[in-house]
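One structure below.
Coordinate-derived values only; no laboratory data. Because the structure is predicted, anything quoted here is derived from the model rather than measured.
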């Protein structure tokens, strides 16, 4: 695996990481690894992330946690949550910067995900 920039676990009671959900972030992708006996690894390329939202309800703030919600252009994972992690605001900012850098390097504009590339389809609906 490429160099991991950040990793954490989903946390439960008292902010302790007693779960089988692990998050890893590299320069190019976010990996969500879940399960104990039967494991699933989901990979989301950073340039495919369209929107980031930080949620910090009172119960999470008490323990210094937060949840980051991602809307993506990934067909298998259109919505991803990085649940109950420490330093969520710092992670969100780092992730946001990394997404922009990855898009710039790959020369990908947000409009490519929004369906603006198919102008012929739009013309048919106007007439």
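Roughly speaking, what is the stretch gain from residue 5 to residue 94, that is 0.36 nm per residue apart minus the C-alpha to C-alpha distance, in nm to one decimal?
Once the chain is fully extended between residue 5 and residue 94, it gains 31.1 nm.
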What's the extension gain from residue 75 to residue 36 if we count 0.36 nm per residue and subtract their Cα-Cα distance? 11.5 nm
For the chain, what does the relative contact order come out to in percent, with C-alpha contacts under 8 Å and a separation of six or more? 18
Computed over the chain, the Cα gyration tensor eigenvalues, each multiplied by 5 and square-rooted, give semi-axes in Å (largest first) of 31, 16, 15
MRE, 222 nm, helices only [DSSP H, n ≥ 4, -39500 (n - 2.57), over the chain, to nearest 500]: -7500 deg cm²/dmol
Starting from the Kirkwood Rh over alpha-carbon pairs, what translational D in µm² s⁻¹ does the stretch 15-88 have by Stokes-Einstein at 37 °C and 0.692 mPa s? 251
